[in-house]
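Working notes, beginning with the structure itself.
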Amino acid sequence: MDFTADWSIMQTLGEGAYGEVKLLINKNDGMAVAMKVINLEEHPEASVNVQKEIAIHRMLNDPHIIKYFGQRTEGSVGYIFLEYAPGGELFDKIEPDVGMESWQAQRYLKQLLSGVEYLHSKGIAHRDLKPENLLLDEHDKLKITDFGMATVFRSRGKERLLDKKCGTTPYMAPEIFLRPYRAEPVDIWSLGIVLVAMLAGELPWEKPMALCVEYTKWKSNDYMSESPWKKMDNLAISLLRRILNPIPSARLSIAKIKQHRWYTKHHTQIRGPELDRSVSPAYKRLRSNDLSPPSRDDPRQCQSQPELLLSGPHIISPTGTKEPAHVSFSQPAQIDDLLVSTQYLATQSNASQDTVQKLVRRMTRFFVSLDPDKALDRLVQALDNMALSWRSYTPGIVTITTIDKHKNQLTFKASVLDMDKQTLLDFRLSKGCGLEFKRQFMMLRKYLSDIVVKGPVSWSIAIATNNVP
């Protein structure tokens, strides 16, 4: 089959509630695709949700929405092929407790708003907008991903109220806890929380309800001496007061946000060209396998129930980890978690190394001056000193679990890797808040500062001595 002849599975990128996300590299041109693997036998309840998610993806075509290329099945395993965004997740650009410069926040907000506006024009609400679900391509262009909680709220000009309680609690609008609610205002609320995270490096509250002190102060205008608001200028606060309005009907529309002075104000920008990457022949071959047209069925099932298509024998089925991570299942949560083996580079002479080089970007990793065994010992010692719970099911991979400052579970993994005679400590989020994960990473890095390799390290491509899971 064309798929098995032209593509190689390189790396497991992330774990979802229903399976895994893997990276595919085309042997001929080096192009990369993200592949979701769904075991429908182990998770029969996933079938309807996956079909709904696929149906929504097939309705979308926008520069700020992750692209959908096709789907296949083999027995009880389904596969979904999506655009691979190599620039990292938005949360990786946010410094905990600091945020980012206002020109950067404005730039990302404009791109996010454009993507959300497109979704709403199609009658689709995302309902889980957060930095972990906002990816960046090689040109730093924002892409909305993970449509597992998305739904169609408008069909043939008729809008319906929504009644499902879903989303990520700190980003959810207050009316979601009351139900029913209108679709568009809840997405606008979420992008307002994303803006707070970008400007301040923290979230304003755990849950927008009366029992939450931080939220109550916001509602009563008794917030200016509190964090995160004291970190922001008056113009940003002015915009956020109108986006994060507890009354949905009084909340700013997208059109009104675009007219606000903070949004229109000129910010100094250092910005490279944003070029739309053309679809390679390899992508087109994947796309050509998705031939079934969308139907117009029950709008509560997102107007389509597409059937799953073909697959190939070289695809690896999910391994069934003991604690599946609740991460984005439309695209890997760790989208640049790529460690290219020397075997692959030696055998795939036709692949563009420049293309592969663009895949390796993430801030939550660093080289250390010890060999892997000693580095693992130091890592475990640091975890014990920080009173972080950890365990290891696989040699060289440690799963860390803690409770963040909002009293929510945070789980992340640390891998100790031998990278061509250098030792790399690589950390990736499994479950929880991206900002809290990054905060823990920075504390761990500080504990290990005496062994961290100082100064710039040139490693645009990470070459592993062995394949890693």
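The values are calculated or read from the model by the stated rules, or taken from the named source; none is laboratory data. Note that the structure is predicted; figures quoted are calculated from it, not measured. Cβ coordinates were reconstructed from backbone atoms using ideal geometry, including for glycine residues, and neighbour counts include every protein chain displayed. Heads up: the accessible areas ignore ligands, DNA and RNA and are worked out on the full protein's heavy atoms, side chains in. Shrake-Rupley method; radii C 1.70, N 1.55, O 1.52, S 1.80 Å.
Atom-type composition of the exposed protein surface of the range 88-264 places 50 percent of the accessible area on carbon and sulfur (1.4 angstrom probe). Keeping the other protein chains in place, figure out the carbon and sulfur percent of the accessible area of the range 365-448, with a 1.4 Å probe. Solvent-exposed carbon and sulfur of the range 365-448 make up 50 percent of the total. Look at the dipole of the range 365-448 built from charges on Cβ: of Met443, Ile397, Ala375, the Cα furthest out on the positive end belongs to Met443.
Over 24 Å apart at the Cα level, from the set Lys67/Lys438; Lys36/Lys141; Lys93/Lys431; Lys67/Lys158; Lys110/Lys217, are Lys67/Lys438; Lys67/Lys158; Lys110/Lys217. Distant-in-sequence amide contacts of Ile65, defined by a placed amide H-H separation under 5 Å and a gap of 5 or more residues or a different chain, comprise Ile144.
How many Å² of accessible area per residue for the range 365-448, probe 1.4 Å?
Values: 3810 Å² over 84 residues.
Value returned for the range 365-448: 45 Å² of accessible area per residue.
For Gly167, neighbours were defined as the other residues whose beta-carbon sits under 15 Å from its Cβ, and their charges (Lys and Arg +1, Asp and Glu -1) total -1.
Hey, can you find the accessible area per residue of the range 88-264 for me, probe 1.4 Å, expressed in square angstrom? List each step's numbers first, then the result.
Details: 6680 Å² over 177 residues.
On a per-residue basis, 38 Å².
By a 1.4 Å probe calculation restricted to protein chains, Trp229 has an accessible surface near 10 Å², given to the nearest 10. Here the spin labels are modelled as points 7 Å beyond Cα on the Cα-Cβ line, and at Lys207 and His139 they lie 4.3 nm apart.
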